[in-house]
Every structure is written in structure tokens, then in C-alpha cells.
Amino acid sequence: MLKTRVISATVGIAILVAVLLLGRLTFGVAITVVALIAMYEFYNAVSNTGLRPVKWLGYLSCILLLGVVFIPSLTVTTEVVFLFAFIVLFILFFLSIFWHDRYTINDISITVLGIAYVAFLFMFVILARNMENGLLMIIFVFLGAYSTDTFAYFCGMFFGKRKFLPKISPKKTLEGTIGGFLGTILVTIAYGVFVLNAKTGSSIPVYHYIILGALIGIISQLGDWAASSVKRYVNIKDYGNIMPGHGGALDRFDSVLFVAPVIYFYFTIVLK
């Protein structure tokens with residue numbers, strides 16, 4: 001099992017590096033494809049409970065939301081976002097009124113959750129790549145998310161004794177959770193000081209990287225637990241099998257989806 005995870009992770013990292021080096025547009029297209037797969041996985045999973053999400057609207061929303069972010073000629077304004085939200089809600093309630101025998105308020109709610117969880121959060125992955133020094137920033141996103149997963153996994157494997165959130169994720173341990181948190185702080189400090197500060201010529205104080213590491217160490221794991229809570233509810237082990245040993249696209253990006261907004265907002269608001 002561990003060997004399969006390592007091989008899949010190695011292949012995945014190689015593909016990710018290749019996509020990153022090909023530029024922003026290619027990265028945006030690639031992330032949109034991954035987001036569509038993740039949207040399919042989410043809607044397919046919740047359909048197991050008898051819910052009927054309006055899948056076509058979710059896929060269209062995913063393409064539109066991510067498209068306006070990665071296509072250089074398009075400009076996203078507050079008015080555009082509000083208009084998009086209004087149109088989506090209008091369509092959903094229109095369907096619930098005139099096709100009430102097919103779509104219920106639960107179906108509408110799960111459709112909106114899919115758009116917010118997948119499409120909206122994937123936007124920040126692209127936004128992070130489009131920031132100043134975007135290549136370094138998006139590496140920061142993936143490094144933060146996956147270092148948390150890695151430290152939590154191995155600390156749990158070697159030191160884990162106390163179960164943590166067993167009803168959500170039976171294999172999670174308190175020791176693994178703490179290890180993921182502390183390990184991410186160390187990785188974040190090292191990357192911030194020796195890569196971001198050095199490469200960009202900035203002088204961001206170390207305490208900011210400690211704060212970022214703590215935030216990422218917590219929120220990354222919350223992203224993982226959030227995905228697990230849905231999987232437990234719909235009674236599945238993984239969202240898909242796109243990566244042997246790792247599950248589907250949503251399984252691999254569950255932490256990234258929560259880390260990307262943290263880094264984006266911290267650098268655009270706190271460190272502006």
C-alpha cells in the first residue's frame with residue numbers, strides 16, 4: 001500500500017511540476033479539468049444518498065468561475081460575481097418550482113454546496129498562481145498542503161496511539177494531527193526564509209511564516225476532515241480512483257482547496 005502511494009505521488013508530482021513550468025494559462029486549463037473531475041466525484045458521491053444535484057449547472061459554473069480567473073482578457077468584478085450568484089440561484093429555484101417532482105430544496109442545497117466547495121475554492125488555486133511571484137506562491141500552496149498530509153501520515157504511522165475524530169476518519173490519531181501541525185510550521189519557515197525571501201528579495205519577518213505555518217497546519221487538516229465527513233455520510237472510502245493509493249481528484253485536492261485561500265488572502269491582505 002505504501003509503495004503504491006509513493007509511486008502514485010511521484011508520478012503526480014512530476015505531472016504537477018510539468019504543468020507549473022508550462023505557464024499560467026496551461027495551469028489554469030489543467031486546474032479547470034481537475035475541478036470538473038472533482039465536481040463529478042462530489043455529485044456522484046452525494047447521489048448515493050438519493051439526492052439529485054443539478055449536475056449540468058455545477059459543471060457550467062465550474063467552467064465559468066475558473067475561466068474568468070485564468071483567461072487574461074477577462075476581468076472579474078464584484079458586479080459580475082453577484083450577477084453569477086443571482087443567475088445560479090434563479091435557475092435552481094426555477095427548477096424547484098416547475099420541476100418540483102424532480103428537484104427538491106435538498107437537491108438545490110447540495111448543488112450550491114458543490115459549486116461553493118469545488119468551483120469556488122478551486123478559483124483560489126488559480127488566483128495563487130496568478131499572484132506576483134505566482135510560481136513560488138503556488139508551490140507554497142501545494143508544499144503547505146502536502147507537507148501537512150505527509151507529516152500527519154508518518155507521525156500517525158510511527159507514533160499514533162490515540163484516535164482522533166474516529167467517526168469521521170477512523171485512521172486519524174492525535175499524534176498524527178499534532179505532527180502534521182508542527183511539521184508544517186517547520187516547512188513553512190524554511191520555504192519562506194530560504195526560498196520566498198531569498199528569491200523575491202523581500203524581508204518578510206519570520207513570525208509571519210510561523211503564523212502561516214500554524215494556519216496551514218490547522219486548516220489543511222480541516223480540509224481533509226471536511227472531505228472525510230462527506231465520504232462517511234455517503235458511505236464511500238474514496239471519491240474516485242484516479243490515483244492508485246490516493247483516491248480521486250477531490251481526495252488529493254481536499255487540503256489544497258483550503259490552503260490556497262489562506263495563502264492568497266494572507267499575502268494580499270495581511271502582507272499587502
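Using a Gaussian network model on the chain with a 10 Å cutoff between Cα atoms, which of Thr200, Thr188, Thr173 fluctuates the most?
Maximum fluctuation in the GNM of the chain, among the listed residues, is at Thr200.
I'd like the distance between the alpha-carbon centres of segment 184-242 and segment 50-126, rounded to an integer number of Å.
Segment 184-242 and segment 50-126 have Cα centres separated by 27 Å.
Could you derive backbone 3J(HN,Hα) for segment 261-271 from the dihedral phi with the Karplus parameters 6.51, -1.76 and 1.60 (θ = phi - 60°), listing whole Hz in sequence and x where the residue is Gly or Pro?
Result, ordered by residue: x, 4, 5, 4, 5, 5, 7, 8, 10, 5, 9 Hz.
Just need the relative contact order of segment 114-272 here, percent rounded to a whole number, with Cα pairs under 8 Å and 6+ apart. Each step should come with its number before you reach the end.
Working: 218 pairs, mean separation 42.9, N = 159.
For segment 114-272, the relative contact order is 27 percent.
Counting only protein heavy atoms, what percent of the accessible surface of the chain is carbon or sulfur at a 1.4 Å probe?
Working: 10140 of 14050 Å².
Roughly 72 percent, rounded to a whole number.
For the chain, set up a GNM with springs between Cα atoms under 10 Å and report which of Phe124, Phe94, Phe70 has the largest fluctuation.
Top of the fluctuation ranking is Phe94.
If each DSSP helix of 4+ residues adds -39,500 (n - 2.57) and the sum is divided by the residues in the chain, what number results at 222 nm, nearest 500 deg cm²/dmol? Each step should come with its number before you reach the end.
Values: 11 runs with 187 residues, N = 272.
Taken over the chain, the calculation gives -23000 deg cm²/dmol.
Return one whole number: the accessible area per residue of the chain in Å², for a 1.4 Å probe.
Values: 14050 Å² over 272 residues.
Per residue, the chain has 52 Å² of solvent-accessible surface.
Across the chain, how many lysine pairs, 8 or more apart or on two chains, come within less than 15 Å at their alpha-carbon atoms?
Total qualifying Lys-Lys pairs in the chain comes to 10.
When the dipole is taken about the Cα centre of the chain, and only Lys, Arg (+1) and Asp, Glu (-1) are charged at their Cβ, what size is it in debye, to the nearest 20? Please list the in-between numbers first.
Numbers: 19 positive and 11 negative charges, 136 e Å.
So the dipole magnitude of the chain works out to roughly 660 debye.
Take every Cα pair under 8 Å in segment 220-272 that's 6+ residues apart, average their separations, divide by the length, and report that relative contact order as a whole percent.
Working: 41 pairs, mean separation 19.3, N = 53.
Once normalised by length, the contact order is 36 percent.
Report the charge-dipole magnitude of segment 57-189 in Debye, nearest 20, computed about the Cα centre from +1 at each Lys and Arg Cβ and -1 at each Asp and Glu Cβ. Mind showing how you got there, number by number?
Details: 8 positive and 6 negative charges, 137 e Å.
With Lys and Arg at +1 and Asp and Glu at -1, about 660 debye.
Residue by residue, what Karplus-based ³J(HN,Hα) values in Hz, rounded to whole numbers, does segment 188-194 have, using 6.51, -1.76 and 1.60 with θ = phi - 60° and x for Gly and Pro?
Running phi through 6.51 cos²θ - 1.76 cosθ + 1.60 with θ = phi - 60° gives 5, 4, 4, 5, x, 6, 8 Hz.
From the convex hull of the Cα coordinates of segment 186-246, what is the mean projected area in square nanometres? Intermediate values should be presented prior to the final figure.
Values: hull surface 23.0 nm².
Averaged projected hull area, Cα only: 5.7 nm².
Springs between alpha-carbon atoms under 10 Å, Gaussian network over the chain: tell me which of Ile97, Ile168, Ile219 tops the mean-square fluctuations.
Comparing Ile97, Ile168, Ile219 in a Gaussian network model of the chain, the most mobile one is Ile97.
The values are calculated or read from the model by the stated rules, or taken from the named source; none is laboratory data. Keep in mind that what you see is a predicted model, and the values were worked out from it rather than measured. All Cβ positions, glycine included, derive from the backbone under ideal geometry; neighbour counts span all protein chains shown. Please note that ligands, DNA and RNA were not included when accessible areas were found on the heavy atoms of the full protein model with its side chains. Shrake-Rupley method; radii C 1.70, N 1.55, O 1.52, S 1.80 Å.
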